[in-house]
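Enquirer: Here it is: the structure, laid out below.
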Amino acid sequence: MLIEKKQIISKGFDTYLIVIYVLLVIIGWFTIYSSSYDANDSFSLFNPDKAYSRQFIWILVSMALAVVLLLIDGRIYQNYAQYIYYACVILIVSVLFFGTEISGAKAWIKIGSFSIQPIEFAKFATALMLAKFFCEGKTASEKKNIWLFSFIIILVPAAIAILQKDTGSALVFFSFIILFYREGMNENFVLFGASLILVFVLTICLNELYTIAIITVGFIVAWIINRNQKKKIIRNILVYVLLIGFVFAVNFAYNSILQSHQRQRIDTILGQSVDPKGADFNLNQSKIAIGSGGFFGKGYLNGTQTKLNFVPEQSTDFIFCGIGEEWGFVGSLVIIALFMALIIRIIILSERHRNVFTRIYGYGVASIIFFHLLINIGMTIGLVPVIGIPLPFISYGGSSILGFTILLFVFIKLNDA
């Protein structure tokens, strides 16, 4: 009887994760308020015309939702993972027919004065589906094709996001490669992924012919090294054919799928063009804002670049600029430290948990948050192309904060079981 009682006692919700979540959300709201601050305007928390008021409402909704998620039996998430995934896929497909186009992407559904971006919820659903897929018993044929099926799970929402012209969200789904690697994916797949990135850069910076020539030289060298190993020769031939096909796919996607402003951003980050009043403008203003903050920053509500609207999208994609300008290097470091503490804590709890589903889902959560952090901050300082994805819990947006709240608090609940 004593053993049975111990089995049903809850471990308790992880306080560290909840505290970090609350801190990030509060910092986000104050940064959004600062980015739209006007000394001549009256303060109102419930004025739908003001961005900080709308975000405050979304924060209240998110925290209420977090409580609900913690009250739900955690077994439901595992038992119904595939149905949640299918529902989200249907929802994001419906956006293609009934959605509203905003900033060149048809990725939103208008509900009165509010807009919902369903792809944000698909990230959570995909993490659940992958956890369900990996922890289920597999037949011999399923085990043989486990990585193929896994890639299909992430490719479906990624492809739909591309059709919505939301390239940033599409790329997020490939962050699950981190999860795949943890679950035993051969390191050769990681090297192949790195090769694809290199081929992409070469195709954009050079041209198809030169890129194919470089790949061919590499193939010849590999063939000479492995000429007595039949299996490696066959593998190298397959990789060679795939890379050549990828070269043509990159060229097609670059010219026929990506929009002109996205091509300009890629060209700018790769040094292929200079356009200080166009594609370079966002990045230049972002660097100026962050650099002007110095070591300790200009102080709260004292940022000049953000106050005078020099930085575009300063409360969404470029919200880190406001933090860098007003709180300087020290404040920026604190934000990064909070995110790293969050990610490391999720990984530690995932590794400690006996339930395979919870461990895999936890890695999915950590992968998504890490990718958003890396890309969002990277693009504000010019390390990666400006692709437009939010900084978790901080950037303005109802869908973003709801999506990340669901993502995190489902893990907190699963970890409690």
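Enquirer: Residue pairs, Cβ under 9 Å, 6 or more apart or interchain, first in the range 228-242 and open to solvent by 100 Å² or more (accessible area, probe 1.4 Å), second modelled with pLDDT under 80 and in a helix (DSSP H, G or I). List them.
Expert: Every condition considered, the pairs that remain are ARG235/ASN188.
Enquirer: Only residues that are under 17 Å from the mean Cα position of the chain (by Cα) and of a type in the set (Lys, Arg): list them for the range 77-130, please.
Expert: LYS123
Enquirer: Sticking with this one: GLU326 versus (1) in contact with a Lys or Arg (Cβ under 7 Å, 6 or more places away or on another chain); (2) in a loop (DSSP other than H, G, I, E, B): which is the lone unmet condition?
Expert: Single failed check for GLU326: (2).
Enquirer: From the list ILE57, ILE32, ILE18, which residue is among the β-branched types (Val, Ile, Thr), touching a Phe, Trp or Tyr at 6+ places or on another chain (Cβ under 9 Å) and either crowded, with 20+ Cβ neighbours inside 10 Å or at pLDDT below 90 (or both)?
Expert: Unique residue meeting the criteria: ILE32.
Enquirer: Still on this structure, please answer the following. How many residues are of a type outside the set (A, V, I, L, M), closer than 22 Å to ARG345 by Cα and in contact (Cβ under 8 Å) with a residue 40 or more places away in the chain if we restrict to the range 9-56?
Expert: Summing the residues that are of a type outside the set (A, V, I, L, M), closer than 22 Å to ARG345 by Cα and in contact (Cβ under 8 Å) with a residue 40 or more places away in the chain in the range 9-56 gives 8.
Condition check ((1) open to solvent by less than 80 Å² (accessible area, probe 1.4 Å); (2) of a type outside the set (Ser, Thr, Tyr); (3) modelled with pLDDT of 60 or more) across all residues:
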residue: GLY278; (1), (2), (3): yes, yes, no
residue: PHE281; (1), (2), (3): yes, yes, yes
residue: GLN285; (1), (2), (3): yes, yes, yes
residue: ILE288; (1), (2), (3): no, yes, yes
residue: GLY291; (1), (2), (3): yes, yes, yes
residue: GLY294; (1), (2), (3): yes, yes, yes
residue: TYR300; (1), (2), (3): yes, no, yes
residue: LYS307; (1), (2), (3): yes, yes, yes
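Enquirer: Let me ask something else about it. May I ask you to say which residue of TYR77, TYR52, TYR86 is open to solvent by 70 Å² or more (accessible area, probe 1.4 Å) and aromatic (Phe, Trp, Tyr)?
Expert: Result: TYR86 is the single residue among TYR77, TYR52, TYR86 that is open to solvent by 70 Å² or more (accessible area, probe 1.4 Å) and aromatic (Phe, Trp, Tyr).
Enquirer: Something else: Just need a number here: residues in the range 388-417 that are more than 11 Å from the chain's Cα centre (by Cα) and assigned to a loop (DSSP other than H, G, I, E, B).
Expert: Count: 6.
Enquirer: Can you confirm whether the range 153-174 contains a residue that is more than 15 Å from the chain's Cα centre (by Cα), over 22 Å from ILE266 (Cβ atoms) and free of Cβ contacts under 8 Å to residues at least 12 places away in the same chain?
Expert: Looking through the range 153-174, none of the residues is more than 15 Å from the chain's Cα centre (by Cα), over 22 Å from ILE266 (Cβ atoms) and free of Cβ contacts under 8 Å to residues at least 12 places away in the same chain.
Enquirer: A further question on this structure: Taking only pairs six or more apart or across chains, which ones have beta-carbon atoms under 6 Å, a first residue in the range 309-320 that is modelled with pLDDT under 80, and a second residue that is assigned to a loop (DSSP other than H, G, I, E, B)?
Expert: VAL311/PHE318; SER315/TYR396; THR316/SER395; THR316/TYR396
Enquirer: Now, a different point. How many residues are surrounded by 13 or more Cβ atoms within 10 Å (Cβ to Cβ), of a type in the set (Val, Ile, Thr) and within 19 Å of LEU171 (Cβ to Cβ) if we restrict to the range 184-220?
Expert: Of the residues in that region, 5 qualify.
Enquirer: For the condition open to solvent by 10 Å² or more (accessible area, probe 1.4 Å), β-branched (Val, Ile, Thr) and at pLDDT 95 or above, what is the one hit in ILE375, ILE406?
Expert: Matching residue, one of ILE375, ILE406: ILE406.
Enquirer: Starting from the range 82-102, keep only residues that are more than 14 Å from LYS123 (Cα to Cα), then list their pairs with residues that are exposed (fewer than 15 other Cβ atoms within 10 Å of the Cβ) and not acidic (Asp, Glu) whose Cβ atoms are within a distance under 8 Å, requiring at least 6 positions of separation or different chains.
Expert: Pairs found: THR100/LYS110.
Enquirer: Considering (1) over 27 Å from PHE114 (Cα atoms); (2) out of contact with any helix residue (DSSP H, G or I) (no Cβ under 8 Å at 6 or more places or on another chain); (3) among the β-branched types (Val, Ile, Thr), say which one THR316 fails and leave the rest.
Expert: If we test THR316 against (1) over 27 Å from PHE114 (Cα atoms); (2) out of contact with any helix residue (DSSP H, G or I) (no Cβ under 8 Å at 6 or more places or on another chain); (3) among the β-branched types (Val, Ile, Thr), just (1) comes out false.
The values are calculated or read from the model by the stated rules, or taken from the named source; none is laboratory data. A quick note: this is a predicted structure, and the numbers were derived from the prediction, not measured. A quick note on method: Cβ atoms are made from the backbone with ideal geometry, for glycine too, and the neighbour counts reach across all protein chains shown. With ligands, DNA and RNA removed, areas are computed over all heavy atoms of the protein, side chains included. Shrake-Rupley method; radii C 1.70, N 1.55, O 1.52, S 1.80 Å.
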